[in-house]
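Colleague: Sharing a structure with you now.
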Amino acid sequence: MDPLSLLGIIIAFAAVLGGNWLEGGELGALFNGPALVVVLGGSIGAILLQTPVAVFMRAMRMIRMVLMPPDKPMQPLVKKLVALSQVARREGLLALENAAGREPDIFVRKGLRLLVDGYTAESLRDALELELDSREALDLQAARVFEGMGGYAPTIGIIGAVMGLIQVMQNLADPSKLGSGIAAAFVATIYGVGLANLFLIPLANKLKQHVQHESRFRELAIEGLVAIAVGDNPRQIEGKLMGLLH
Amino acid sequence: MDPLSLLGIIIAFAAVLGGNWLEGGELGALFNGPALVVVLGGSIGAILLQTPVAVFMRAMRMIRMVLMPPDKPMQPLVKKLVALSQVARREGLLALENAAGREPDIFVRKGLRLLVDGYTAESLRDALELELDSREALDLQAARVFEGMGGYAPTIGIIGAVMGLIQVMQNLADPSKLGSGIAAAFVATIYGVGLANLFLIPLANKLKQHVQHESRFRELAIEGLVAIAVGDNPRQIEGKLMGLLH
Amino acid sequence: MDPLSLLGIIIAFAAVLGGNWLEGGELGALFNGPALVVVLGGSIGAILLQTPVAVFMRAMRMIRMVLMPPDKPMQPLVKKLVALSQVARREGLLALENAAGREPDIFVRKGLRLLVDGYTAESLRDALELELDSREALDLQAARVFEGMGGYAPTIGIIGAVMGLIQVMQNLADPSKLGSGIAAAFVATIYGVGLANLFLIPLANKLKQHVQHESRFRELAIEGLVAIAVGDNPRQIEGKLMGLLH
Amino acid sequence: MDPLSLLGIIIAFAAVLGGNWLEGGELGALFNGPALVVVLGGSIGAILLQTPVAVFMRAMRMIRMVLMPPDKPMQPLVKKLVALSQVARREGLLALENAAGREPDIFVRKGLRLLVDGYTAESLRDALELELDSREALDLQAARVFEGMGGYAPTIGIIGAVMGLIQVMQNLADPSKLGSGIAAAFVATIYGVGLANLFLIPLANKLKQHVQHESRFRELAIEGLVAIAVGDNPRQIEGKLMGLLH
Amino acid sequence: MDPLSLLGIIIAFAAVLGGNWLEGGELGALFNGPALVVVLGGSIGAILLQTPVAVFMRAMRMIRMVLMPPDKPMQPLVKKLVALSQVARREGLLALENAAGREPDIFVRKGLRLLVDGYTAESLRDALELELDSREALDLQAARVFEGMGGYAPTIGIIGAVMGLIQVMQNLADPSKLGSGIAAAFVATIYGVGLANLFLIPLANKLKQHVQHESRFRELAIEGLVAIAVGDNPRQIEGKLMGLLH
């Protein structure tokens, strides 16, 4: 559970709506159905055209990470790897079979299986790094779906605003409606800029950082597993892995 | 067939036109011949000046990829490579000659031919990676043609809008035409921003992602073919390749 | 103590407020509570949504670096490493144990400990570079928290300004309030642009440069420690390290 | 001869001027001497300050490439290299002396001379890649001169427009001149945006792509020459080089 | 002496002021003390906050490079290195001691000293490349100080303009001052955009290119010195180095 995510959304929207209320603005003036249709529909359309089906699905599945980030603490992993290196030293690599069966993390489990299968240190590193890079590339691509929408929303907000202004301009004869017409047109700008800057772009950046954290977690696992494969002693392994934390 | 591409274009244009209609805007106000001439003509001119002939042709040929993406599923490729490794183990590399003849994918076929020709693992990887990099670079260059147009369209839309405003300003004496004049000028902005953000940039990004998917497909093929060349056993190959999927 | 940081903030705010005063502007016109709520609240909300908890905490801890930068002079480090190489040559690597105990810098101390532990030059370089890269990546990520806020502030300032303009537009009937309404709306723009360009972005850039300086300090330490490990003579080491300074 | 370059310039300017004419604008309104002085002079001044003499000269010499691109077809090069490899196999590397004398391309000629001089495959590759990288870096730097001007032109157009508006504002008392004054001011914007987007930036991009094409041509030559140096058979060389084309 | 730098500044300012004069604008309208205070003070404050002391000092020292670029001609360096290789072949590496004493360029001198000290080709290349990279990184960081100021100036110009407009808006009651008030506000925009685009950014780019030229000069020196260390014959060295020039 990532409390900052929820807090961030609440603070941002409270600030914008609260600031408007403090200035004496009516809340109703900020709601405008057609503007919402243009900005949301346009941004969704653009991102659907932009994104391959598989990437789009992966992005949808990643949304829940914002509130429920993957729980990958680094310290316990170091402890676990050090313990595993002690087992391997005492009882041989085959003794890691049991640990592999109990290991909850899919990546560490795979690494242990490869160790048991007798992979050399080098081919173990190659196989695990290839997998890490491949998964990271796919995840970052999915996170960029939200970044992409965040790029389109403000420009489509401008389309909405300009369409609103065009209408206003064609009815200049009735100045009494001028102000409210322009006001309605401006709402599309707020929707576009707000959707992008208060939701989509921060969301994409948080996802990217979770992806990078998971990669660092996996790099730590790789360093530890490779050190077990070459037969480093547990104290060396602990020193090396602790140096990667801070 | 990529349903998201078509859906994306339909949703985006429906949202923009629908939003305008909901606001009570006339559709006719969004159509303006001269603005279209400026934005389309200017963007096409700029991109023709920018792009070498061969790249431009390649870009045109790639457009159909948006609706009909290359069908390169990863799972069946893994299965095929594992099966080929079993053939190679049982009957030797020369036995892949037949498989090469039946192989529909041009890149995999070439790799099999090189295997049969007795290339070492290292020279096989070199030759295939050189080919992958070279094709990817050309394809990305072609996809960037649409990105380039998407960069020019909004600025040329501004040229159109400012030209329209200049005309309006020179006829300030007749205020009755002021509003509709400004409205017409603004349409060029919508054309430029809309063409770029609802069509060209998403199109370029989808093409780029198809290109990258094809590269990942080819990387998978390279890993599998090289593993066959060094004589890895089929179970190892399957493990390695499955790790690249997710 | 970094005098430029404080001086920079003072000069920037004095220039902006002084310029306003010289033009005969009232200071009061630049203060607007609701605008402050929108810009500050929105920027903080966006950055909280964007940033994982651990990165946010690290960023907060780094703020004091702006006024109190880490004191990592390069010249004395070179002298110290040359002296250590003389000790190592005369009395052997084990004699560095004492020096390690007295060493204030955590990174150099760790390197000395690894030397005493008998790490080879190559594994020493690997371990220390892995640690340097890992710490640098985390620090740069934290510095980018302020850069991120600096990216959101101006766009949220625009949201504040447009919300203000919407209110003004809805009250066009009372032209006497028009000017002061628009003025209040514009203040949000100043807050957003000023917060970003006079505080957040320069702050992020200074932090990044401190991080990079610390990395260069550590690279220098690595070169020196590795040279000690391979047994270079002190004169060679001094020549090599001085070449990295300028 | 690159017909797209000329076509692009013609289409772009025809579209802009034609669009203006279709809207009923007078051509004369788009011509404004002082605006031209500001935009052209300012952009040229900025780029002269930015560019070292040698790079500026190189950029000027590269302009003709836009209409007359270097003629470097890939297919004939492959054929030529395959033929040369047959000569080298039959008659030895010294027999390439003649071919070197007749070779029109300066880079291929140099490579042949190095082959005849008995360079090993590795030192041949090193020497030719160093030369390729060095020439490519200089050419890209020169192409970026036009990109740089394309970056300055629109902002200097804004300076011109704002200067024009300042004048208009100081003469608000005479509303009859207001419109035409604003119109004249806007022309500077069109000049800046148009010069950049319809000429300078596309020009820079075309030059860059010619540079990259020439690099690919040279890479192909390097692969072929190195293959001759290691004594690959002509069929292998053809297969390898054809894989780089598409 | 770099005549383009001075010429560029003169042309740019002549064009802007001349264009204003041609349009019939008064020069006095472009001078505005408070706007200058805001833009200059704000930009300087931001850059002081952003820049560590040592980097700022280095940037100040680099300014004179714009008019007096370091004189590092490539052709004479090639000749000198070829001559040195002849000395080394005839009389041995120790004979370079004298040449080192007379060598004006600090980097070449250091390289010669290392040659005389008996460095191997590989350790010579390592030491010199480390030094080149380190100096280049510091110089580019210093050049980016001006780029940074060029990034802040236009946004701070907007702050100045909006502050001016706020004042104007608060005095809408007196329309006679409206125009000149807006005009004065706009001057801040011109200062910000002009300072950045006609001075700071081109300055930073010229410095960067001088830095890169010096790096290329040093790379040439490294290639030559390493070739002397491995004992290449003078003709080979000349061929290799000439290939790096163009």
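Colleague: If I filter the stretch A:207-219 down to residues being farther than 12 Å from residue A:70 by Cα and within 9 Å of chain C (Cβ to nearest Cβ), which single residue comes out as nearest to the chain's Cα centre (by Cα)?
Modeller: Here the residue is A:216.
Colleague: Return the residues of the stretch A:48-68 that are touching a Ser or Thr at 6+ places or on another chain (Cβ under 7 Å) and either within 7 Å of chain B (Cβ to nearest Cβ) or of a type in the set (Phe, Trp, Tyr) (or both); say none if nothing qualifies.
Modeller: Matches in the stretch A:48-68: A:49 only.
Colleague: Before we move on, is residue C:58 loosely packed, with under 14 Cβ neighbours inside 10 Å and assigned to a helix (DSSP H, G or I)?
Modeller: So residue C:58 fails the test.
Colleague: Now for a separate question. With the requirement that a residue be more than 17 Å from residue B:200 (Cα to Cα) and either more than 7 Å from chain A (Cβ to nearest Cβ) or not in a helix (DSSP H, G or I) (or both), what does the stretch B:4-29 give you?
Modeller: Residues satisfying the conditions are B:17, B:21, B:23, B:24, B:25, B:26, B:27, B:28.
Colleague: Tell me yes or no: at least one residue of the stretch A:69-82 is within 13 Å of another protein chain (Cβ to nearest Cβ) and closer than 30 Å to residue B:205 by Cα.
Modeller: Looking through the stretch A:69-82, at least one residue is within 13 Å of another protein chain (Cβ to nearest Cβ) and closer than 30 Å to residue B:205 by Cα.
Colleague: Further question: Going by the structure shown, is residue B:182 closer than 21 Å to residue D:172 by Cβ and open to solvent by less than 10 Å² (accessible area, probe 1.4 Å)?
Modeller: On the way: closer than 21 Å to residue D:172 by Cβ: yes; open to solvent by less than 10 Å² (accessible area, probe 1.4 Å): no.
When the stated conditions are applied, residue B:182 does not pass them.
Colleague: Any residue in the stretch E:61-90 that is over 16 Å from residue E:103 (Cβ atoms) sitting within a Cβ distance under 7 Å of a residue that is open to solvent by 40 Å² or more (accessible area, probe 1.4 Å) and not polar (S, T, N, Q)? List the pairs, counting only those 6 or more apart or interchain.
Modeller: E:67/E:1; E:67/E:6; E:68/E:1
Colleague: Looking at the stretch E:182-206, which of its residues are more than 19 Å from residue E:40 (Cα to Cα) and either more than 8 Å from chain D (Cβ to nearest Cβ) or among the charged types (D, E, K, R) (or both)?
Modeller: E:206
Colleague: Turning to a different aspect of this structure: Does the stretch E:131-174 hold any residues that are within 7 Å of chain C (Cβ to nearest Cβ) and among the charged types (D, E, K, R), and which are they?
Modeller: E:131, E:135
Colleague: How many residues does the stretch E:67-91 contain that are open to solvent by 30 Å² or more (accessible area, probe 1.4 Å), of a type in the set (A, V, I, L, M, F, W, C) and under 11 Å from residue E:221 (Cα atoms)?
Modeller: 1
Colleague: Across the stretch E:213-246, what is the total count of residues that are without any contact (Cβ under 8 Å) to a residue 60 or more places away in the chain and part of a helix (DSSP H, G or I)?
Modeller: Here the count works out to 6.
Colleague: For the stretch C:190-246, give me the residue count where each residue is buried (at least 23 other Cβ atoms within 10 Å of the Cβ) and among the hydroxyl-bearing types (Ser, Thr, Tyr).
Modeller: 1
Colleague: Is at least one residue of the stretch D:62-74 within 30 Å of residue E:198 (Cα to Cα) and out of contact with any helix residue (DSSP H, G or I) (no Cβ under 6 Å at 6 or more places or on another chain)?
Modeller: Taking every residue of the stretch D:62-74 in turn, at least one turns out to be within 30 Å of residue E:198 (Cα to Cα) and out of contact with any helix residue (DSSP H, G or I) (no Cβ under 6 Å at 6 or more places or on another chain).
Colleague: In the stretch D:30-54, how many residues are outside any helix (DSSP H, G or I) and open to solvent by 10 Å² or more (accessible area, probe 1.4 Å)?
Modeller: We begin by selecting, within the stretch D:30-54, every residue outside any helix (DSSP H, G or I); these are D:31-32, D:51-52.
Next, only the ones that are open to solvent by 10 Å² or more (accessible area, probe 1.4 Å) stay: D:31-32, D:52.
Adding up the residues that qualify gives 3.
Colleague: I'd like the residue in the stretch C:98-124 that is open to solvent by less than 60 Å² (accessible area, probe 1.4 Å), over 18 Å from residue C:230 (Cα atoms) and among the aliphatic types (A, V, I, L, M) and, out of all such residues, is nearest to the other protein chains (Cβ to nearest Cβ).
Modeller: Within the stretch C:98-124, the match that is nearest to the other protein chains (Cβ to nearest Cβ) is C:100.
Colleague: Let me ask another. Is it the case that some residue within the stretch B:10-29 is within 21 Å of the chain's Cα centre (by Cα), over 27 Å from residue A:55 (Cα atoms) and buried (at least 19 other Cβ atoms within 10 Å of the Cβ)?
Modeller: Scanning the stretch B:10-29, I find no residue that is within 21 Å of the chain's Cα centre (by Cα), over 27 Å from residue A:55 (Cα atoms) and buried (at least 19 other Cβ atoms within 10 Å of the Cβ), so the answer is no.
Colleague: Return the only residue of D:127, D:143 being closer than 23 Å to residue B:134 by Cβ, surrounded by 15 or more Cβ atoms within 10 Å (Cβ to Cβ) and modelled with pLDDT of 95 or more.
Modeller: It is D:143.
The values are calculated or read from the model by the stated rules, or taken from the named source; none is laboratory data. Computed from a prediction, not measured in an experiment: that's the story for all the values here. All Cβ positions, glycine included, derive from the backbone under ideal geometry; neighbour counts span all protein chains shown. Quick note on the areas: whole protein, heavy atoms, side chains included, nothing else; ligands and nucleic acids left out. Shrake-Rupley method; radii C 1.70, N 1.55, O 1.52, S 1.80 Å.
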